[in-house]
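The values are calculated or read from the model by the stated rules, or taken from the named source; none is laboratory data. Everything quoted here is computed from the prediction, not taken from an experiment. All Cβ positions, glycine included, derive from the backbone under ideal geometry; neighbour counts span all protein chains shown. For the accessible areas, the whole protein counts, side chains as well, though only heavy atoms, and no ligand, DNA or RNA atoms are used. Shrake-Rupley method; radii C 1.70, N 1.55, O 1.52, S 1.80 Å.
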Amino acid sequence: AAIRTYEKNGLIEEGLLKKHIFLGGLYHDLKIMSISNGNIWISKNNNHLAFIPAREGSVGFKHKNRLFFDLTADFVDQIPWFDETLVSSDDTTVLNKAKAKNYIIHERSSELSGPAVSIKSVIKNVISDMSLPDDTYLWLFYLPVLYKNSDDFTKAKSIIDSIQVDSLCSFIPAKTHP
């Protein structure tokens, strides 16, 4: 049953070691499996993913996403109920920082990296490319938005946990804009 579950979620058999394990007085085969097609398998238990989109071609403030990545990553790492953090980028510097933190990586195509590309298009592409389960909540972290308060996220999660919701948006009053 476990092997069927693994295969259903994208793992493929890489090899079989015949009579490799001696257990209970008998030799047993050992099946070696890996993730197929470079996709990341995320189990149904991993429902809350911190999602950090970070394209390379920043307009106005060059490489701002590189500068703000560490602040956002440190914040996300402090929230214990995020099952994983997923970074989508075409910037090798950002991707290397994400790899160093053992985040899930989505290498964004150039078609989805321009300033006119909507975040909705990026999210739809990530969901498709990564084969995310339907019950996964993506928590969007825009790098240039520097205000982040973990209590706000915990309150939002409590709403999700208490009622059935498909999406949730929260806003805070801007203190720097009219």
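Here are the numbers for this structure:
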{"quantity": "Residues of segment 40-49 classified as at pLDDT 70 or above and not polar (S, T, N, Q), total", "calculated": "2"}
{"quantity": "Those residues of segment 7-39 which are under 20 Å from residue 132 (Cβ atoms) and either at pLDDT 75 or above or outside any strand (DSSP E or B) (or both), in sequence order", "calculated": "7, 8, 9, 10, 36, 37, 38, 39"}
{"quantity": "Any hit, segment 145-156, residues being closer than 14 Å to residue 51 by Cα and within 18 Å of the chain's Cα centre (by Cα)", "calculated": "yes"}
{"quantity": "Single match in 135, 77, 90 (criterion: modelled with pLDDT under 90 and either open to solvent by less than 40 Å² (accessible area, probe 1.4 Å) or not hydrophobic (A, V, I, L, M, F, W, C) (or both))", "calculated": "135"}
{"quantity": "Every pair of residues 6+ apart whose Cβ atoms lie under 8 Å, when the first sits in segment 139-158 and is within 14 Å of residue 81 (Cα to Cα) while the second is open to solvent by less than 60 Å² (accessible area, probe 1.4 Å) and in a helix (DSSP H, G or I)", "calculated": "139/153; 150/75"}
{"quantity": "Hits in segment 100-119 (condition: within 14 Å of residue 84 (Cα to Cα), surrounded by 13 or more Cβ atoms within 10 Å (Cβ to Cβ) and not aromatic (Phe, Trp, Tyr))", "calculated": "101, 104, 105, 106"}
{"quantity": "Among (1) open to solvent by 80 Å² or more (accessible area, probe 1.4 Å); (2) at pLDDT 65 or above; (3) among the hydrophobic types (A, V, I, L, M, F, W, C) - the single one residue 52 does not satisfy", "calculated": "(1)"}
{"quantity": "Of all residues in segment 138-147 being outside any strand (DSSP E or B) and open to solvent by less than 50 Å² (accessible area, probe 1.4 Å), the one that is farthest from residue 170 (Cα to Cα)", "calculated": "143"}
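Condition check ((1) of a type in the set (Lys, Arg); (2) touching a helix residue (DSSP H, G or I) at 6+ places or on another chain (Cβ under 6 Å)) across all residues:
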{"position": "108", "(1), (2)": "yes, no"}
{"position": "112", "(1), (2)": "no, yes"}
{"position": "117", "(1), (2)": "no, no"}
{"position": "122", "(1), (2)": "no, yes"}
{"position": "127", "(1), (2)": "no, no"}
{"position": "130", "(1), (2)": "no, no"}
{"position": "141", "(1), (2)": "no, yes"}
{"position": "145", "(1), (2)": "no, no"}
{"position": "154", "(1), (2)": "no, no"}
